[in-house]
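Here is the structure we will look at, set down as structure tokens.
The values are calculated or read from the model by the stated rules, or taken from the named source; none is laboratory data. What you see is a predicted model; the values in this text were computed from it and never measured. Quick reminder, even Gly has a Cβ in these numbers, built from the backbone with ideal geometry, and neighbours come from all protein chains shown. Only protein heavy atoms, including side chains, enter the accessible area calculation; ligands, DNA and RNA are left aside. Shrake-Rupley method; radii C 1.70, N 1.55, O 1.52, S 1.80 Å.
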Amino acid sequence: MPGANRGFTLVELMIVLVILAVILIFALPAFQQVRLATRLTNYANDLVGSIYLARGEAIKRNNQVRLCATSDGSTCAASGGWQQGWIVLDPNDVVLQYQPALQAGYSLTETANSGAMTLNFDASGLVSPAPATFNICRQAPTVGNQKREINVTTIGRTNVERDAATTCP
């Protein structure tokens with residue numbers, strides 16, 4: 001019909017909006033889990049990268065290199081946990097790498113050595129204390145149902161495991 005208006009009726013528009021709302025209701029929780037998994041994986045990768053950097057620098061320099069938790073980005077912390085950030089220090093206490101604090105609500109703890117705050121890599125790449133185990137998980141606003149566990153062997157090799165945690169250490 002020439003001259004007739006073509007477009008959507010109000011009823012058709014409302015039906016489309018209801019369908020979109022239903023899709024969003026089901027997709028949003030799944031998207032939150034993807035965000036959580038991605039953030040945990042990124043934090044785990046950052047820590048593994050720092051471990052390999054410290055080990056490689058110790059071998060290259062033929063001297064001890066430290067990886068430790070830090071609160072100020074320049075010195076090793078004695079307390080407070082790894083979630084406040086970490087640094088890689090050469091034998092002269094020069095910062096080789098600084099990793100800032102994790103986002104609020106995330107936890108990073110060393111669990112195998114009573115919460116050790118420093119890993120020392122000797123000239124052959126061996127780490128002490130070893131083995132070391134780190135757990136990364138979400139504590140707030142609610143405990144996430146995912147966790148990353150990073151295991152560091154005596155020779156400085158790492159293994160990252162996913163865990164469907166119900167609690168966050």
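Enumerate the strands (runs of 3 or more DSSP E) found wholly within segment 62-169, keeping only those where 2 or more residues are farther than 13 Å from VAL48 by Cα. Lay out the reasoning, then the answer.
Values: elements: 65-69, 86-89, 95-99, 106-110, 118-121, 132-138, 147-152, 158-163.
The qualifying strands (runs of 3 or more DSSP E) are 65-69, 95-99, 106-110, 118-121, 132-138, 158-163.
Pick out the one residue from SER128, SER107, SER71 that is under 14 Å from the mean Cα position of the chain (by Cα), hydroxyl-bearing (Ser, Thr, Tyr) and surrounded by 14 or more Cβ atoms within 10 Å (Cβ to Cβ). Explain how you work it out, then say what you get.
Values: SER128 fails: under 14 Å from the mean Cα position of the chain (by Cα); SER71 fails: under 14 Å from the mean Cα position of the chain (by Cα).
Of the residues listed, the single one that is under 14 Å from the mean Cα position of the chain (by Cα), hydroxyl-bearing (Ser, Thr, Tyr) and surrounded by 14 or more Cβ atoms within 10 Å (Cβ to Cβ) is SER107.
Please count how many residues of segment 74-93 are closer than 23 Å to ALA123 by Cβ and either open to solvent by less than 60 Å² (accessible area, probe 1.4 Å) or touching a residue at least 60 places away in the same chain (Cβ under 8 Å) (or both).
Qualifying residue count, segment 74-93: 7.
Identify the single condition in (1) crowded, with 16+ Cβ neighbours inside 10 Å; (2) more than 30 Å from PRO29 (Cα to Cα) that ARG148 does not satisfy, given that it satisfies every other one.
Unmet for ARG148, out of (1) crowded, with 16+ Cβ neighbours inside 10 Å; (2) more than 30 Å from PRO29 (Cα to Cα): (2).
Looking only at segment 57-89, how many residues end up being at pLDDT 95 or above and among the acidic types (Asp, Glu)?
Of the residues in that region, 1 qualify.
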